[in-house]
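Take a look at the structure set out below.
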Amino acid sequence: MGLTGLCNRCGNCCFVGPFKCENLEVSGLPGTPNATRCKVYQSRYTDMPIMLTAPNGAIVRGYCLHGSKAEEMELTKLIHEGQCSLEVTDG
């Protein structure tokens, strides 16, 4: 299985429930095209330590999923829910 297409920068994959990655800059409604951008896009790596913040100010430590099997699984879930512009392909 693989993923094809271009990311539309909606930001959905940078949230865990109400928690948002500290590196996600939001300029529009998350989930809509071009609503976000990653401040460390060029330098991010699999399992890079990150902080995530909830609207109530709660903070948790986490790891960036970029390039991981977990990212592929999360994106596949979002695709099936109609929340990601990428497509799942065989092979």
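What follows draws every value from the coordinates through simple rules; no lab data is involved. Here the structure is a predicted model, which means the values were calculated and not measured. Methodologically, a virtual Cβ is constructed for each residue, glycine included, from the backbone with ideal geometry; neighbour enumeration extends over all protein chains shown.
General remarks:
- Residue check, VAL60 in contact (Cβ under 8 Å) with a residue 60 or more places away in the chain and part of a strand (DSSP E or B): no
- Hits in the range 2-17 - residues which are over 13 Å from the mean Cα position of the chain (by Cα) and on the phi < 0 side of the Ramachandran plot: GLY2, LEU3, THR4, LEU6
- When GLY28, GLY67 are checked against the criterion of being part of a loop (DSSP other than H, G, I, E, B), of a type in the set (Gly, Ala, Ser), on the phi < 0 side of the Ramachandran plot and exposed (fewer than 15 other Cβ atoms within 10 Å of the Cβ), GLY28 stands alone in meeting it.
- Annotation note: Cβ proximity below 7 Å between a residue of the range 1-25 that is under 13 Å from TYR41 (Cβ atoms) and a residue that is charged (D, E, K, R) and assigned to a loop (DSSP other than H, G, I, E, B) (sequence gap 6+ or interchain) occurs for ASN23/LYS39; GLU25/LYS39.
- Per the conditions (1) surrounded by fewer than 16 Cβ atoms within 10 Å (Cβ to Cβ); (2) within 13 Å of the chain's Cα centre (by Cα), the sole criterion not satisfied by LEU78 is (1).
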